[in-house]
Amino acid sequence: MRRIGLMGGTFDPIHLGHLILAETARDELSLDGILFMPTGCSYLKDGRQVADREDRYRMTELAIRDHPGFTLSRMEIDRPGNTYTADTLAQLHREEPDVEWFLITGADAFLMMEHWVRPEEIFALCTVACTVRGSDDRGRLEEAGKTYAERFQAKTALFPLMRMDISSTEIRGRLRTGKSVRYLLPGPVIEYIREKGLYQT
Ligand code: NAP
């Protein structure tokens, strides 16, 4: 069985924090590769306008193109309706039965996961791998892992990550106010944002 990490995200825009998270997971969990999965419709964004899915897909493509261990999927971009991780994992299992899946998450997503749509399916179809970074409360994450194991027979793993306080929200704010975003995201992604005039208003 190949061991593949599933790195889902709104990626609005993708930045070095996402890339370092994926690369650290690859290393720490001895994964054979990482599949990046930009969301189609992130239904929990509180009505906030998210950049067009094709732009987010293209930015992700530009961000990972130099890494032979990173690949990209259109599965969620092409699926109509709200994006649910349970649907994605079910489809991945059908299409690639020889893969063991590891869902890569940050602490916020991990702690919210039992409130996602059909969590029992998510936990049945993958190992959920959560980072512990900086100020994250490791004890709380371990507790959540135990609860998921009891309630859903979930397999979970925690792995350390260097702290990198970069966020898509911060980047969008800097772009709106004309500040530099150099070194926060890959150069080709910055060029794409400039060419398309994204996040200017
Ligand atoms: P995102 O904002 O683009 O973030 C993607 C991941 O990167 C998150 O796990 C986030 O951790 C992590 N991250 C962001 N900045 C980081 C940094 N500086 N250092 C390290 N890690 C960093 O995407 P999202 O909107 O949270 O969505 C994540 C995934 O959850 C998507 O695949 C989405 O479809 C899925 N989701 C599914 C459901 C459902 O099925 N019902 C509901 C909600 C989300 P944090 O979690 O700590 O922010």
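For the pair V50 and R3, what calculated FRET efficiency results from E = 1/(1 + (r/R0)^6), where r is the Cβ-Cβ distance and R0 = 30 Å, to the nearest 0.05?
The value I calculate is 0.45.
Region 114-180: which chymotrypsin sites (Phe, Trp or Tyr not before Pro) are DSSP loop and have at most 14 other beta-carbon atoms within 10 angstrom?
Answer in residue order: W116.
Keeping every protein chain in place, order Y84, Y192 by accessible area at 1.4 Å, biggest value first, i.e. largest first.
Numbers: Y84 60, Y192 30 Å².
Ranked from most to least accessible, the order is Y84, Y192.
For T177, what accessible surface area do you get with a 1.4 Å probe? Give it in Å², rounded to 10.
Around 100 Å² of this residue is reachable by solvent.
What figure, in Å² to the nearest 10, do you get for the accessible area of T201 with a 1.4 Å probe and non-protein molecules left out?
That residue has around 150 Å² of solvent-accessible surface.
Keeping every protein chain in place, order E95, E150, E114 by accessible area at 1.4 Å, biggest value first, i.e. largest first.
Accessible-area ranking of E95, E150, E114, largest first: E150, E95, E114.
Students often forget the sequence filter, so: which aspartates and glutamates lie under 20 Å Cα-Cα from K179 once same-chain residues fewer than 8 apart are removed?
Correct list for K179: D12, D165, E170, E191, E195.
Might you tell me the accessible area per residue for the chain, computed with a 1.4 Å probe and given in Å²?
51
Going by Cα centres, region 37-75 and region 135-154 are how many Å apart?
28
When the accessible area of region 89-170 is split by element with a 1.4 Å probe, what percent falls to carbon and sulfur?
49
Pop out the ³J(HN,Hα) list for region 175-186 in order, Karplus 6.51 cos²θ - 1.76 cosθ + 1.60 with θ = phi - 60°, rounded to Hz; leave Gly and Pro as x.
With coefficients 6.51, -1.76 and 1.60, one gets 5, 4, 9, x, 8, 6, 10, 4, 6, 8, 9, x Hz.
What's the FRET efficiency of N82 with K155 using the Cβ-Cβ distance as r and R₀ = 25 Å, to the nearest 0.05? Please list the in-between numbers first.
Details: r = 26 Å, r/R0 = 1.03.
Calculated transfer efficiency: 0.45.
Run lengths n ≥ 4 of DSSP H only: what is the helix-derived mean residue ellipticity at 222 nm for the chain, with -39500 (n - 2.57) per run over all residues, to the nearest 500?
Value at 222 nm, helices only, nearest 500: -12500 deg cm²/dmol.
Going 7 Å from the Cα of E191 in the Cα-to-Cβ direction, what parts of region 57-97 have a backbone nitrogen less than 16 Å from that spot?
In region 57-97, the label zone of E191 (backbone N under 16 Å from the point 7 Å along Cα→Cβ) covers 58-67.
Can you give the accessible area of R53, probe radius 1.4 Å, in Å² rounded to 10?
70
Once fully extended, how much extra length lies between E114 and A90, figured as 0.36 nm per residue of separation less the alpha-carbon to alpha-carbon distance?
6.9 nm
Using a 1.4 angstrom probe on the protein heavy atoms only, could you order L44, L62 from most to least accessible area? Don't jump to the answer; show the numbers that get you there.
On the way: L44 110, L62 15 Å².
Of L44, L62, the descending order of accessible area is L44, L62.
Suppose the chain between R140 and T177 were pulled fully straight at 0.36 nm per residue; how much longer would it get relative to their current alpha carbon spacing?
That pair, R140 and T177, stretches by 9.6 nm at full extension.
Using amide H atoms built 1.01 Å from N in the peptide plane, name the residues 5+ places from G9, or on other chains, whose amide H lies under 5 Å from its own.
Residues meeting the amide H criterion: M37, T39.
So what are the ³J(HN,Hα) numbers for region 108-125, from phi and the Karplus equation (6.51, -1.76, 1.60; θ = phi - 60°), rounded to whole Hz, Gly and Pro as x?
Coupling constants for region 108-125: 4, 5, 4, 6, 8, 4, 6, 9, 6, 6, 6, x, 4, 6, 4, 5, 6, 9 Hz.
Compute the angle between helix 187-196 and the longest alpha-carbon principal axis of the chain, please, reported from 0 to 90 degrees and rounded to the nearest 10.
That works out to roughly 60 degrees.
Compute the acute angle (0 to 90°) between the alpha-carbon long axis of helix 53-64 and the principal axis of greatest extent of the alpha-carbon atoms of the chain; round to the nearest 10°.
Taking the Cα atoms of the chain, the angle to 53-64 is about 80 degrees.
Once phi is turned into ³J(HN,Hα) by the Karplus curve 6.51 cos²θ - 1.76 cosθ + 1.60 with θ = phi - 60°, what whole-Hz value does each residue of region 18-35 show in order, with x for glycine and proline?
Running phi through 6.51 cos²θ - 1.76 cosθ + 1.60 with θ = phi - 60° gives 5, 5, 5, 4, 5, 5, 5, 4, 4, 5, 5, 9, 6, 8, 7, x, 10, 9 Hz.
The values are calculated or read from the model by the stated rules, or taken from the named source; none is laboratory data. Computed from a predicted structure; not experimentally measured. Positions of Cβ are generated from backbone atoms using ideal geometry, with glycine treated the same way; all protein chains shown enter the neighbour counts. Quick note on the areas: whole protein, heavy atoms, side chains included, nothing else; ligands and nucleic acids left out. Shrake-Rupley method; radii C 1.70, N 1.55, O 1.52, S 1.80 Å.
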